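Bear in mind that the values in this text are calculations on the coordinates, not laboratory data. Model, not experiment: these values are computed from the prediction. In this analysis, Cβ positions are derived from the backbone assuming ideal geometry, glycine residues included, and neighbour counts consider all displayed protein chains.
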Amino acid sequence: MSGESDESGGTAAAQSFYTRYARLYDAVARNTPGVARLRGRLVDALDPQPGETVVEMGCGTGANLPALRDRVGPSGRVVGLDFAPGAVALARERTARWGNVAVARADARHPPVDAADRVLAAFVVGMLGDPADTVRDWVALLPPGGRVALLDLARTTRPLARPLNLGFRALVALSAPPGTRRRTGDPTRALDRRVAAAHRAVRDATASVARSTHAAGFARLVAGRVPPR
Ligand SMILES: C[S@@+](CC[C@H](N)C(=O)[O-])C[C@H]1O[C@@H](n2cnc3c(N)ncnc32)[C@H](O)[C@@H]1O
């Protein structure tokens, strides 16, 4: 959710963290109360259609891949990209029997993909050094009518939930891969900034934008459709 992948040290630290703790992350990614519902909302917002090609950036251990595969059906294709070898291995294990799902080790900042009908990322843009540029590059892969969706965690702005931001801050600090942790300051500020920049990039580059917040305002979802060029 946090931790920079923008410089070589941060990138290496994030890759080794999500490799070493792939199984633990997978359990958290699937079983945290409410997370399945959030993932369902993300896939609904992306709205993949039968026969389409969907690319998930930073797919991790593949928690979203089964639902994406269901939506595109046997004639569609799902591609998951992640730069952590351990996460890729687990996602591949999980999808090995499915001919139309491929998981590749790749840097989402330079995805080895020419085109896609839908692009999504869940809990990833907060790890990118230049999230707005990267998101613009993702949108450029889409045809007019294509759709992009992002799901992220950030501090809540809901007045009644604001006291919980302290706990969120502790969670962000703990879950950041060692080597990417900030020694000073509030790690949630950088996370908020990156998430806001990425979501703004979606809003600026697309039309029919849908935005919503969930989980007491800690989860932010944005999706948009590429307008005619
Ligand atoms: C918090 S996990 C989210 C995983 C998955 N999207 C999910 O919903 O469970 C962040 C993932 O993004 C990956 N990641 C971060 N920066 C990346 C980059 N530049 N390229 C590819 N993967 C990246 C990490 O390896 C990790 O698996």
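Here are a few things to note about the model shown:
- Taking the Cα centre of segment 128-229 as reference, the dipole from Cβ charges on Lys and Arg (+1) and Asp and Glu (-1) amounts to some 260 debye.
- Relative contact order (%) - criterion: Cα under 8 Å, at least six apart; region: segment 144-229: 49 percent
- P(r) of the chain over all Cα-Cα pairs, binned every 10 Å from zero, in whole percent: 8, 35, 40, 15, 2
- Leading residue at positive end of dipole, the chain (Cβ point charges), from ALA102, PRO33, SER212: PRO33
- Couplings 3J(HN,Hα) of segment 113-130, computed from phi: 9, 8, 7, 7, 8, 9, 10, 9, 8, 10, 6, 10, 5, x, 9, 8, x, 10 Hz, in residue order, whole Hz [Karplus 6.51 cos²θ - 1.76 cosθ + 1.60, θ = phi - 60°; x for Gly and Pro].
- For LEU24 and TRP98, a Förster radius of 35 Å and the Cβ-Cβ distance give a FRET efficiency of 0.90, rounded to the nearest 0.05.
- Cα-centred dipole magnitude for the chain, charges only on beta-carbon of K, R (+1) and D, E (-1), debye, nearest 20: 680 debye
- Segment 56-70 - phi-based ³J(HN,Hα) in whole Hz, Karplus 6.51/-1.76/1.60, Gly and Pro as x: 9, 7, x, 6, x, 8, x, 4, 8, 5, x, 5, 5, 5, 4
- Projecting the Cα atoms of THR11, VAL172, VAL119 onto the dipole axis of the chain, where Lys and Arg carry +1 and Asp and Glu carry -1 at the beta carbon, places VAL172 farthest toward the positive end.
- Derived scalar couplings between HN and Hα for segment 210-215 equal 10, 10, 7, 10, 9, 6 Hz in order, rounded to whole Hz, by the Karplus curve 6.51 cos²θ - 1.76 cosθ + 1.60 (θ = phi - 60°), x for Gly and Pro.
- Once the C-beta distance of ASP70 and ASN31 is scaled by a Förster radius of 22 Å, the resulting FRET efficiency is 0.65 to the nearest 0.05.
- Simple spin-label estimate for ALA170 and ASP114 gives 5.2 nm between the two label positions (7 Å along the Cα-to-Cβ direction from each Cα).
- Spin-label model, ARG189/ARG136: points 7 Å from Cα along the beta carbon direction are separated by 2.6 nm.
- Rounded to the nearest 5, the antiparallel percentage of DSSP beta bridges internal to the chain is 40%.
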